[in-house]
1. Could you grab the pairs with beta carbons closer than 7 Å, sequence gap of 6+ or different chains, first residue in segment 27-44 and more than 18 Å from ALA235 (Cβ to Cβ), second one surrounded by 21 or more Cβ atoms within 10 Å (Cβ to Cβ) and small (Gly, Ala, Ser)?
2. Filter segment 34-50 down to residues that are modelled with pLDDT of 90 or more, surrounded by fewer than 19 Cβ atoms within 10 Å (Cβ to Cβ) and in contact with a helix residue (DSSP H, G or I) (Cβ under 7 Å, 6 or more places away or on another chain), then give me how many there are.
3. Would you confirm, using the coordinates I've provided, whether VAL31 is aliphatic (A, V, I, L, M), at pLDDT below 80 and buried (at least 18 other Cβ atoms within 10 Å of the Cβ)?
4. Looking at ARG194, ARG166, can you tell me which residue is out of contact with any strand residue (DSSP E or B) (no Cβ under 8 Å at 6 or more places or on another chain), modelled with pLDDT under 80 and in a loop (DSSP other than H, G, I, E, B)?
5. Would you check if there is a residue in segment 28-50 being under 30 Å from ARG127 (Cβ atoms), touching a Leu at 6+ places or on another chain (Cβ under 6 Å) and of a type outside the set (Val, Ile, Thr)?
6. So how many residues does segment 1-26 have that are in a helix (DSSP H, G or I) and more than 12 Å from SER116 (Cα to Cα)?
7. Is it fair to say ALA53 is surrounded by fewer than 14 Cβ atoms within 10 Å (Cβ to Cβ) and under 15 Å from the mean Cα position of the chain (by Cα)?
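The values are calculated or read from the model by the stated rules, or taken from the named source; none is laboratory data. Here the structure is a predicted model, which means the values were calculated and not measured. Reconstructed Cβ throughout: ideal geometry from the backbone, glycine too, with neighbour counts over all protein chains shown.
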Amino acid sequence: MRIHPLTGLAAAGSAAVITTAAASLPLSVAVSAAALALSVAAGTARRMLPAAAAVLLPLGLSLLIVHGLSFPEGLTVLAQWGPVRVTAEGLSFALERAAQVSAVVLILLACSFSLSVPDLVAALSARGIRGRFGFVLASTLTLLPAIAARAERIRQAQESRGLVIRRGILHRAAAFRLQAVPLVLSLVEDAGTRAAALEARGFSSTGPRTSYRIVPDSPGQRFLRLVLVLAGVAAVAVRLWHYAGGS
């Protein structure tokens, strides 16, 4: 059965909301594993993992610095340098938050790397959403995959002209510096081309619209989306009730 793009969005959004509301380390690890498994099954893991690393490594490092080295509620001191101290409670809190953020980022990236922009635009248009807004939303959701694919093409072109990328973070960072300028310039040029193409196709018109692309949507998937949205709302409600009860 073909998964409707809105069903995939609902599943990813619901999983992200439930994971954030639950704040449970086992659940975060399970969601991260499921996102990686789905990415491998869809064949997008090779493109998704570098994007995930670019987002998660700075976030994880900042969480470790903020909470691992300066956690006010920490009692079990593992190491101390003047006012800076490493506590077991701070490291545990940083690990839980990092796992939670990782789960949310991975599940959303897995969804964005597997979404079809034409199908999503057609699905949004069928529900009365204006074409320009639908295209902007779809492009935003698939921005990282588009950047990753463009960066890969630029890297291959530079390697064919003699660029040698050695192993190691420093060598890869230096290579990315050489790829950043053509990447940004190509994205800016692509944005102008897309804007002209959208205008030529009447995306800004306010009249009735038709679409040659039909995305099948079954009653079962519509019911599933409703259940997923309600599950996310219920998770937030339970979390708020828990906080209210604790206070």
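1. Between residues of segment 27-44 that are more than 18 Å from ALA235 (Cβ to Cβ) and residues that are surrounded by 21 or more Cβ atoms within 10 Å (Cβ to Cβ) and small (Gly, Ala, Ser), the close pairs are LEU38/ALA110; SER39/ALA110.
2. 1
3. No.
4. Details: ARG194 fails: in a loop (DSSP other than H, G, I, E, B).
After ruling out the rest, the residue left standing is ARG166.
5. Residues of segment 28-50 that are under 30 Å from ARG127 (Cβ atoms), as a first pass: 31, 34-35, 38-39, 41-44, 47-48.
Okay, now just the ones that are also touching a Leu at 6+ places or on another chain (Cβ under 6 Å), so 35, 48.
Checking the rest, the ones that are also of a type outside the set (Val, Ile, Thr) come to 35, 48.
Yes, some residue in segment 28-50 is under 30 Å from ARG127 (Cβ atoms), touching a Leu at 6+ places or on another chain (Cβ under 6 Å) and of a type outside the set (Val, Ile, Thr).
6. So the count comes out to 16.
7. On the way: surrounded by fewer than 14 Cβ atoms within 10 Å (Cβ to Cβ): yes; under 15 Å from the mean Cα position of the chain (by Cα): yes.
Yes; evaluated as a whole, the condition is true for this residue.
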